[in-house]
Structures are given as structure tokens and as C-alpha cells.
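Here is the structure we will look at.
The values are calculated or read from the model by the stated rules, or taken from the named source; none is laboratory data. Since we're looking at a predicted model, the values are computed, not measured. We place every Cβ from the backbone using ideal geometry, glycine too, and count neighbours over all the protein chains shown. When the accessible area is computed, the model is the full protein with side chains, heavy atoms only, and any ligands, DNA or RNA have been set aside. Shrake-Rupley method; radii C 1.70, N 1.55, O 1.52, S 1.80 Å.
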Amino acid sequence: MQFKSIEPLRNFVIDMTRLVDATSTEAELLRKGRPLLETLISTDTWLPEFCAQPHADHYQQYLLHADPLERFSVVSFVWGPGQRTPVHNHTTWGLIGVLRGAEAGVRYQRNPDGTLSPCGEAIVLRAGHIDAVSPSIGDIHTVANALENMASISIHVYGGNIGGTSRHTFDPHTGEPKEFVSGYATDVVPNLWDRSRAIRPNAV
Ligand code: FE
């Protein structure tokens, strides 16, 4: 997809910052954050190329923005063909919007004996669709690229600095948790703040 302008991402970050300034209630953050993410993923001309690169062996998580107070973070997930997450949790609220391609998510529930089992079939999200996770609405799932022959990209916003958050993967057969911290694929983030093109539209 041809990159045109970072502006939609900048506007999303501004709107999310206003939202976390106004409320810390999870239900309200999910309800009011959803249309903001819908607007962001309604166009596909703002994601810098370096945040859209798949890796041959595993999915990638590129940090697009972290709130300075770590109240939220925005991440692009890039899924190569056949790539998937283990069963994992988040420990915070999250909104997941598909920008490009499609992804398949499966929710898990904990059984009385401590094991985990899927809550039904995988749900396929296509470009423009949004899902939500949180400890109160369901926090354990797997996500996979639903396409076998091309990369898919989804944009996630989480309540916290997700790449620096201690959380868990799970063995679904035993329910055994294993601590993990996902980190990010690169040390650089997109520059949201160079407004010179708007001020000097004819500048080279
Ligand atoms: Fe997840």
C-alpha cells in the first residue's frame, strides 16, 4: 500500500491521549476507543513501510507510539503466512483492528480443572473489523494470520506499554502459565511530528 501521510496515526494518538486523560474506566476506554481505531484503520496510507515488514520465522510487533505516562501503546502486528501466537493473555484492555488482510482469533476459557479450552471456532476478522480483549471481557486467546499466501497487518491499542508488560503464555492442555514480555521488533518509532510538509507544501 502506498504511504501518503502519517497524519491519521498522529490524529489517533492525539484522540487516544485525550481519551485516557478523560477516563481510566476500562468499559469507557473500550467503548470510546473503538470508533477512534475504526477511523484509523479505515484508510491504509499511513503505516510507514518499516512497520509493515514481516519476518520469515515469526510475527512482528512494531511500536507505533507509547504514551509518555504509559497509559496506552499502539502497535502494528505483522503476520507472515501461517504465523500465529501461542495461547496468551494481556493483563490490560486492548483493541485489535485489522488494517490489511485477515486474522483468525480463538478465545479460551478456563475449566474447573485448570486446563484451557477454546470457546468455539476461530473468528475471522477482515480489514476494517475490530475485536476487544481485557481481563473482564476475556483476556486469553490465540491470533493467527487467516491468509496462507500473504502477510496480514493489524493495529492494536493497549492500556499500558504492552511490549514492556509482564504477562503469560499458557499450555492449553495443562493451563500452566509461563511468564513472557513481548518487547518490540525495533528500537525506532515513526516520526509523528514533522509538520513541515503541511507548512511548506511545495518544499522538496
Ligand atoms: Fe493478543
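So, in the range 58-100, how many residues would count as being among the basic types (Lys, Arg) and outside any strand (DSSP E or B)? Can you show your working first?
Residues of the range 58-100 among the basic types (Lys, Arg): 71, 84, 100.
Narrowing further to those that are outside any strand (DSSP E or B): 71.
Residues that pass the stated criteria total 1.
Exactly one residue out of Val87, Val75 is within 13 Å of the ligand (Cβ to nearest atom) and either small (Gly, Ala, Ser) or in contact with a Ser or Thr (Cβ under 8 Å, 6 or more places away or on another chain) (or both): that is Val87. Pairs are defined by a Cβ separation below 9 Å, a sequence spacing of at least 6 or placement on different chains, a first member in the range 66-88 that is at negative phi, and a second member that is within 16 Å of the ligand (Cβ to nearest atom) and of a type in the set (Lys, Arg); the pairs so defined are Pro86/Lys178; His88/Arg167. Give the residues of the range 148-164 that are out of contact with any Ser or Thr (no Cβ under 6 Å at 6 or more places or on another chain), surrounded by 18 or more Cβ atoms within 10 Å (Cβ to Cβ) and part of a loop (DSSP other than H, G, I, E, B), sorted by residue number. Answer for the range 148-164, where residues must be out of contact with any Ser or Thr (no Cβ under 6 Å at 6 or more places or on another chain), surrounded by 18 or more Cβ atoms within 10 Å (Cβ to Cβ) and part of a loop (DSSP other than H, G, I, E, B): just Ala151.
For the range 188-197, indicate whether the set of residues that are open to solvent by less than 60 Å² (accessible area, probe 1.4 Å) and in contact with a Gly (Cβ under 6 Å, 6 or more places away or on another chain) is non-empty. Don't jump to the end; show me each part of the working.
Our first condition is that a residue be open to solvent by less than 60 Å² (accessible area, probe 1.4 Å); within the range 188-197, this holds for 190, 192, 196.
With in contact with a Gly (Cβ under 6 Å, 6 or more places away or on another chain) added as a condition, the list becomes none.
No, the range 188-197 has no match at all.
Screening Leu36 on (1) surrounded by 18 or more Cβ atoms within 10 Å (Cβ to Cβ); (2) touching a Leu at 6+ places or on another chain (Cβ under 6 Å) shows it passes everything except condition (2).
Just one residue in the set Pro135, Pro81 is in contact with an Asp or Glu (Cβ under 9 Å, 6 or more places away or on another chain), farther than 22 Å from Trp46 by Cβ and more than 13 Å from the ligand (Cβ to nearest atom); that residue is Pro81.
Please tell me if His168 is within 15 Å of the ligand (Cβ to nearest atom), open to solvent by 50 Å² or more (accessible area, probe 1.4 Å) and in contact (Cβ under 8 Å) with a residue 60 or more places away in the chain. Working first, answer last.
Numbers: within 15 Å of the ligand (Cβ to nearest atom): yes; open to solvent by 50 Å² or more (accessible area, probe 1.4 Å): yes; in contact (Cβ under 8 Å) with a residue 60 or more places away in the chain: yes.
Yes: the conditions hold for His168.
Do we have any residue at all in the range 53-69 that's over 20 Å from Ala185 (Cβ atoms), within 16 Å of the ligand (Cβ to nearest atom) and in contact with a His (Cβ under 9 Å, 6 or more places away or on another chain)? No: the range 53-69 contains no residue that is over 20 Å from Ala185 (Cβ atoms), within 16 Å of the ligand (Cβ to nearest atom) and in contact with a His (Cβ under 9 Å, 6 or more places away or on another chain). In the set (1) over 24 Å from Ala27 (Cα atoms); (2) open to solvent by 30 Å² or more (accessible area, probe 1.4 Å); (3) part of a strand (DSSP E or B), Ala144 fails one condition alone, (2). For Gly128, the conditions (1) farther than 25 Å from Leu63 by Cα; (2) touching a residue at least 24 places away in the same chain (Cβ under 8 Å) are fulfilled apart from (1).
Scanning the range 2-57 for residues that are in contact with a helix residue (DSSP H, G or I) (Cβ under 8 Å, 6 or more places away or on another chain), over 20 Å from Arg197 (Cβ atoms) and assigned to a loop (DSSP other than H, G, I, E, B) yields one hit, Thr23.
The residue pairs whose first member lies in the range 8-19 and is more than 14 Å from Asn191 (Cα to Cα), whose second member is outside any helix (DSSP H, G or I) and aromatic (Phe, Trp, Tyr), and whose beta carbons are closer than 7 Å, counting only pairs six or more residues apart or on different chains, are Met16/Phe72. Of all residues assigned to the range 124-139, none qualifies as being open to solvent by less than 20 Å² (accessible area, probe 1.4 Å), of a type in the set (S, T, N, Q) and closer than 29 Å to Gln2 by Cα.
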